[in-house]
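The values are calculated or read from the model by the stated rules, or taken from the named source; none is laboratory data. On a predicted model such as this, the values are computed, not experimentally measured, just so you know. In this analysis, Cβ positions are derived from the backbone assuming ideal geometry, glycine residues included, and neighbour counts consider all displayed protein chains.
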Amino acid sequence: MNRSTLVRGVVIPAFALIGFFAATSARADDMVANPKYSAWAKFKVGSNSTMDADMEVGGNKFHIQTVRTLISLDADKVVIESKTTVNIMGHDQAEPATRETIASKIGKDQIIATGEKEISAMGKTFKCKVYQAKGNPDMKQDHMGANTEAMKATVYTNDDVPGGLVEIDTTGNDGKGLTFVLTAMEAK
């Protein structure tokens with residue numbers, strides 16, 4: 001598996017999976033505040049968070065780092081830029097930056113909160129809200145043929161972190177998982 005395949009097949013779906021906070025075409029009276037928007041909107045432009053994950057595929061060890069930065073903020077949306085670097089056997093490859101627009105409102109049935117849990121990251125303990133997410137049933141396969149409908153994630157968020165993400169535990173349809181953990185942040 002080359003670096004680009006890894007990023008497109010594993011990293012991007014993992015972060016896209018938390019798109020359960022995405023905008024929908026719900027009626028106005030069925031819309032609620034989007035926690036993903038709120039997690040960025042209380043910070044100033046330039047605030048960022050870094051998440052890292054390690055995995056092994058075919059005997060090769062991969063280290064993945066994604067830095068997410070708030071680049072635009074208004075009352076209706078925030079825009080986040082993500083930069084991912086993959087390290088394979090000591091060699092870094094930076095993937096092209098991507099941008100995500102996050103609406104301030106979402107359909108109320110899109111949020112599945114399951115409780116609270118303490119998560120350790122950055123040498124600290126964060127009291128996190130826990131959300132469950134699953135793949136998009138409208139997208140049976142991603143561009144690499146993976147069954148994204150079968151993907152699941154548990155997302156741990158804390159209000160003191162830009163973007164809220166402290167940990168993301170993902171599980172694919174093959175039962176294999178990947179965990180991204182907060183390793184750095186800059187709150188402005």
Discussion item. When you scan the stretch 3-14, do you find a residue that is touching a Ser or Thr at 6+ places or on another chain (Cβ under 6 Å), at pLDDT 80 or above and under 20 Å from residue 168 (Cα atoms), even just one?
Written reply: no
Worksheet, complete the sentence: The number of residues in the stretch 76-118 that are closer than 23 Å to residue 55 by Cβ, in contact with a helix residue (DSSP H, G or I) (Cβ under 9 Å, 6 or more places away or on another chain) and either touching a residue at least 40 places away in the same chain (Cβ under 8 Å) or not in a strand (DSSP E or B) (or both) is 7
Worksheet item: In the set 139, 185, which member is within 22 Å of residue 82 (Cβ to Cβ) and either outside any strand (DSSP E or B) or modelled with pLDDT under 90 (or both)?
Response: 139
Worksheet item: Within the bounds of the stretch 35-42, is there any residue that is within 19 Å of the chain's Cα centre (by Cα) and part of a strand (DSSP E or B)?
Response: no
Worksheet item: Can you pull out the residues in the stretch 53-93 that are polar (S, T, N, Q) and closer than 16 Å to residue 165 by Cα?
Response: 65, 66, 69, 82, 84
Worksheet item: Which of the residues spanning the stretch 74-97 are under 27 Å from residue 38 (Cα atoms) and surrounded by fewer than 16 Cβ atoms within 10 Å (Cβ to Cβ)?
Response: 74, 75, 76, 81, 96, 97
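Among the listed residues 105, 117, which satisfies the condition of being touching a strand residue (DSSP E or B) at 6+ places or on another chain (Cβ under 8 Å) and at pLDDT below 95?
Values: 117 fails: at pLDDT below 95.
On inspection, the qualifying residue turns out to be 105.
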Worksheet item: Does the stretch 151-182 hold any residues that are part of a loop (DSSP other than H, G, I, E, B) and modelled with pLDDT of 85 or more, and which are they?
Response: 158, 159, 160, 161, 162, 163, 164
